[in-house]
Amino acid sequence: MKNNGFIKGIIPPLITPTDAKGNVLESHFRGLIDHVINGGVHGVFALGGAGEFYALDPAQKRRVAEITVEHTAGRVPVFLGASAITTREAIEHAQLAESLGAQALSVLTPFYISPTENELYAHYVAVAKSTKLPIVLYTNPDRTGGNNISANLCERLAEIDNIVAIKDSSGDMTLTSEFIRRSGPKGIKVLAGRDTLIYGSLAHGGAGAVATTSNIAPKMVVEIYEKFTAGDIQGALEAQYRLNPLRLAFGLGTFPAMAKDALNLIGVPAGDPIEPVQHCTPENTEKLKDVLRKIGLLN
């Protein structure tokens, strides 16, 4: 029996509030954690792509992880990112997360390099063997130079006891359904990584979503999951449609600038994106304000 009963629902990949020089704004980060937990989310995930893990130095990553575990204080499960280009570094992140008291890890495919499927398999097995924590595989080919976890690879990795779930940000519902069909019976839970496909993933048998929009509008995203699990299928679909304009507005800036700008606009301070990423242009900020008004997040 895989240890993944707690992996379900809506899990925000937390934004990391930083100042214009890239310093972590600790009080803002604590405020964001409270914002999403008060919004009803089922877990929090720090040091993901939305949290700009790639732009933080080792000391900053450790501090973000420490604050997440400390400030969440057991209210919901904590997932920490252990993503890196090399297996050695991913293992270091995994062991740090375990030592700090996280409940699970999220491990993205390596980026910049183009490993074969067998190399990816060996990478994930090595990370899994280095820790007792449950591992959530993470595939996001758009952000990793096309590196993707295939349905075949997921099914192979499902044989590893502490590989327990996958976050699928491929945007490919056929792949999502194959993860569920082939690896679900082996105990793998599937989490949507595309905010516009939460309902679709749930309809295929998914367990929830890791949704960047749940930083901004946690109650709205949670509504999709809670209505679906309560049997209100039409209500869940309507909630998904209400959310979609917010997710589509991410294109107004270089990721994750729009998410930080949206949080700042609704009164949840998130600071600045880390350079070279910049805030949305004034013109696109007005478009973002219009989206936030139409979904009831901005007066």
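Quick one: is L243 out of contact with any Lys or Arg (no Cβ under 9 Å at 6 or more places or on another chain), under 25 Å from V24 (Cα atoms), crowded, with 16+ Cβ neighbours inside 10 Å and not hydroxyl-bearing (S, T, Y)? So L243 fails the test. Scanning segment 182-195 for residues being touching a residue at least 12 places away in the same chain (Cβ under 8 Å), assigned to a helix (DSSP H, G or I) and not hydroxyl-bearing (S, T, Y) gives a total of 4. Taken over segment 169-215, the residue count meeting the criterion of being in contact with a His (Cβ under 7 Å, 6 or more places away or on another chain) and farther than 13 Å from I149 by Cα is 3. Report yes if I224 is buried (at least 23 other Cβ atoms within 10 Å of the Cβ), closer than 21 Å to N38 by Cα, at pLDDT 95 or above and hydrophobic (A, V, I, L, M, F, W, C), otherwise no. So I224 passes the test. Scanning segment 39-59 for residues that are over 23 Å from L133 (Cβ atoms) and either at pLDDT below 95 or in contact with a helix residue (DSSP H, G or I) (Cβ under 8 Å, 6 or more places away or on another chain) (or both) gives G39, G40. Among the residues of segment 19-37, those identified as in contact with a Lys or Arg (Cβ under 8 Å, 6 or more places away or on another chain) and either surrounded by fewer than 16 Cβ atoms within 10 Å (Cβ to Cβ) or within 15 Å of V64 (Cα to Cα) (or both) are V24, E26. Restricting to segment 196-230, what's the tally of residues that are over 17 Å from D172 (Cβ atoms) and either without any contact (Cβ under 8 Å) to a residue 40 or more places away in the chain or assigned to a helix (DSSP H, G or I) (or both)? Selection size over segment 196-230: 17. When the residues of segment 45-63 are filtered to those that are charged (D, E, K, R) and outside any loop (DSSP other than H, G, I, E, B), the one that is nearest to A257 (Cα to Cα) is K61. Remark: pairs (first residue in segment 1-15, within 17 Å of I33 (Cβ to Cβ); second residue at pLDDT 95 or above and among the polar types (S, T, N, Q); Cβ separation under 6 Å; 6+ apart in sequence or on different chains) = I10/S214; P12/S214; P12/N215; P13/T212; I15/N215. Within segment 64-89, if we keep just the residues that are without any contact (Cβ under 8 Å) to a residue 40 or more places away in the chain, in a helix (DSSP H, G or I) and touching a strand residue (DSSP E or B) at 6+ places or on another chain (Cβ under 6 Å), the residue that is nearest to P256 (Cα to Cα) turns out to be A65. Considering A236, A257, the condition of being within 17 Å of V210 (Cα to Cα), buried (at least 16 other Cβ atoms within 10 Å of the Cβ) and without any contact (Cβ under 8 Å) to a residue 40 or more places away in the chain is satisfied by A236 alone. Among the residues making up segment 252-278, those that are within 19 Å of H28 (Cα to Cα), touching a helix residue (DSSP H, G or I) at 6+ places or on another chain (Cβ under 6 Å) and in a loop (DSSP other than H, G, I, E, B) are V268, P269, A270, P273, I274.
The values are calculated or read from the model by the stated rules, or taken from the named source; none is laboratory data. All figures in this text were calculated on a predicted structure; none of them were measured in a lab. Methodologically, a virtual Cβ is constructed for each residue, glycine included, from the backbone with ideal geometry; neighbour enumeration extends over all protein chains shown.
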